[in-house]
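What follows draws every value from the coordinates through simple rules; no lab data is involved. On a predicted model such as this, the values are computed, not experimentally measured, just so you know. Cβ atoms come from the backbone with ideal geometry, glycine included; neighbour counts cover every protein chain shown.
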Amino acid sequence: MPFAVLESVFAQELRSAKNSHLSHFYVMVPALTICFVESMLHAKDRLQKKARESYFTDDGFAMGLAYLLKLLDQNEAFESLYWWDTAQMRYARERRVLQEGGADRNGRKEDANTLALKRIQSYEQEYELLECAFCSARIFFRN
């Protein structure tokens, strides 16, 4: 267990009374993931505009998040938020609303819906990638 040493060194310090402000860190995770997903989509969009074949990934955020939640012993508290399910449900609901909407004259609304559906698909995919990276990272920190 290569991460056991890192965990033992930092866990006691982060759980101490002087770091009590971190006792509800898990509540910030949804906001942090929203910012991360927005940032990733922006970065990937900029790469696409350069018209080069490129690959882009960043699992450092997921690894750091898994590490902090483990150190703070807040994995169960975070899971109680059902954040990943909530994000999936939100985009599924948005997709359903757009798909149920009809086309207006000259297909303008249909074009807008197509663009919105592509945006929703991008967000869904990015959240899924983040969730997979997060779940994979948690494996490193299992007891």
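A compact table of results
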| item | result |
| --- | --- |
| Residue list for the range 63-103, restricted to those being in a loop (DSSP other than H, G, I, E, B), in contact with a helix residue (DSSP H, G or I) (Cβ under 8 Å, 6 or more places away or on another chain) and under 22 Å from Glu38 (Cβ atoms) | Leu81 |
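To keep it simple, each residue is scored yes or no on (1) among the aliphatic types (A, V, I, L, M); (2) loosely packed, with under 14 Cβ neighbours inside 10 Å.
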| position | (1), (2) |
| --- | --- |
| Phe36 | no, no |
| Gln48 | no, yes |
| Lys70 | no, no |
| Phe78 | no, no |
| Leu81 | yes, yes |
